[in-house]
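Notes follow the structure.
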Amino acid sequence: MSRTAHAFWLRSPGHGEIRDVALPEPAEGEAVVRTLYSGVSRGTETLVFRGGVPESQRAAMRAPFQEGDFPGPVKYGYLNVGIVEEGPKTLTGRTVFCLYPHQTRYVVPASALTVVPPSVPAERAVLAGTVETAVNALWDAAPLVGDRIAVVGGGMVGCSVAALLARFPGVRVQLVDTDPERARTAEALGVGFAAPEDALGGCDLVVHASATEQGLAHSLRLLAAEGTVVELSWYGDRAVRLPLGEDFHSRRLTIRSSQVGTVSPARASRSYADRLALALDLLADPALDALVTGESAFEELPEVLPKLASGEVPALCHRVRYPGASA
């Protein structure tokens, strides 16, 4: 087997390239994986592509198998599905998910791989990292039966949260976004949709994922008294202004951050592996295919990522197809 591979690198902000890489021989307890698909999470990865990671957050923003440093050159990414070609007998030949960047083959510790359940197609499994974020967010948010909930921001993370909330009994879930095309996504996920000016108020819970200060301010306006906004947006190096005057205090509103880097304290007994395995189990639902809105070949990434970053190519999750994967 060839011990070389190809990887996508961000050479400098706004400029990507495919590089040849040499693979090490796998050691005991390691596995060689051939990538079938990877996913571009538009929010985080295009922020990295633009060079928008603030210096103070560069260590916190490192991906598990990142090489290089922000703002570049850097090899970044964390949604990868492949086949184990060599490694422990229990994994060889199996489809696995790994938090690995965009690369045709790679060598990692076997402990970094999570087996994709037979009920989940490999092409859908690229969503596992984002659904895992949604799982953690809902552990933080702790929605209750019958809650009135809005998800503001119909990007990849917001839609993943809405998809999971649709399974809660008796809840009113509305996806709120400025893009009317998200109405079709909401319908596929089984939730309501509204433009910001038409969104239903009186919410017990609002999950904010638009990464805009306007979206966060509107989230506060949608709350009932004593309601909570769970903030999932990552703003990078942008400052955000909030309307904390008016009736913010008199209505006793709460803004709470949620971030996938740590397991929610509400589920401290669960491990990272438990959380990811749960996310993969949830991906047995074909409705989640609505979160994949485009696909291109691996070798096209240097041309595709600038278009994703500029919005020329609209996307929730953009799937990358590798040689040998189903077209």
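The values are calculated or read from the model by the stated rules, or taken from the named source; none is laboratory data. Every value quoted in this text rests on a predicted model; they were computed, and no experiment measured them. FYI the Cβ positions are ideal-geometry reconstructions off the backbone, even for glycines, and counts take in every protein chain you see.
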- How many residues, within the stretch 264-276, are buried (at least 18 other Cβ atoms within 10 Å of the Cβ) and farther than 25 Å from S210 by Cβ? 1
- Assuming L216 fulfils every condition listed in (1) surrounded by 21 or more Cβ atoms within 10 Å (Cβ to Cβ); (2) out of contact with any helix residue (DSSP H, G or I) (no Cβ under 8 Å at 6 or more places or on another chain); (3) at pLDDT below 95; (4) aliphatic (A, V, I, L, M) apart from one, which condition is it? (3)
- Failed item in (1) surrounded by fewer than 17 Cβ atoms within 10 Å (Cβ to Cβ); (2) under 11 Å from V152 (Cα atoms); (3) not acidic (D, E), with A239 passing the rest: (2)
- Message: Condition check: free of Cβ contacts under 8 Å to residues at least 12 places away in the same chain, under 26 Å from S41 (Cβ atoms), surrounded by 15 or more Cβ atoms within 10 Å (Cβ to Cβ) and not basic (K, R). Does A183 satisfy that?
- Response: yes
- Item | Residue that is in contact with a helix residue (DSSP H, G or I) (Cβ under 8 Å, 6 or more places away or on another chain) and over 29 Å from T114 (Cβ atoms), where the choices are T178, T185, T130 | T178
- Where in the stretch 15-117 are there strands (runs of 3 or more DSSP E), lying wholly inside it, with at least 2 residues that are under 25 Å from T293 (Cβ atoms)? 15-22, 30-41, 80-86, 95-98
- Report, by residue number, each residue of the stretch 85-107 that is farther than 17 Å from P323 by Cβ, surrounded by fewer than 22 Cβ atoms within 10 Å (Cβ to Cβ) and either modelled with pLDDT under 95 or not basic (K, R) (or both). E86, P88, T90, L91, T92, G93, L99, V107
- Task: Name every residue in the stretch 263-292 that is in contact with a helix residue (DSSP H, G or I) (Cβ under 8 Å, 6 or more places away or on another chain) and among the hydroxyl-bearing types (S, T, Y), in order of residue number.
- Result: S264
- Item | Hits in the stretch 188-197 (condition: part of a helix (DSSP H, G or I) and within 20 Å of the chain's Cα centre (by Cα)) | A188, L189
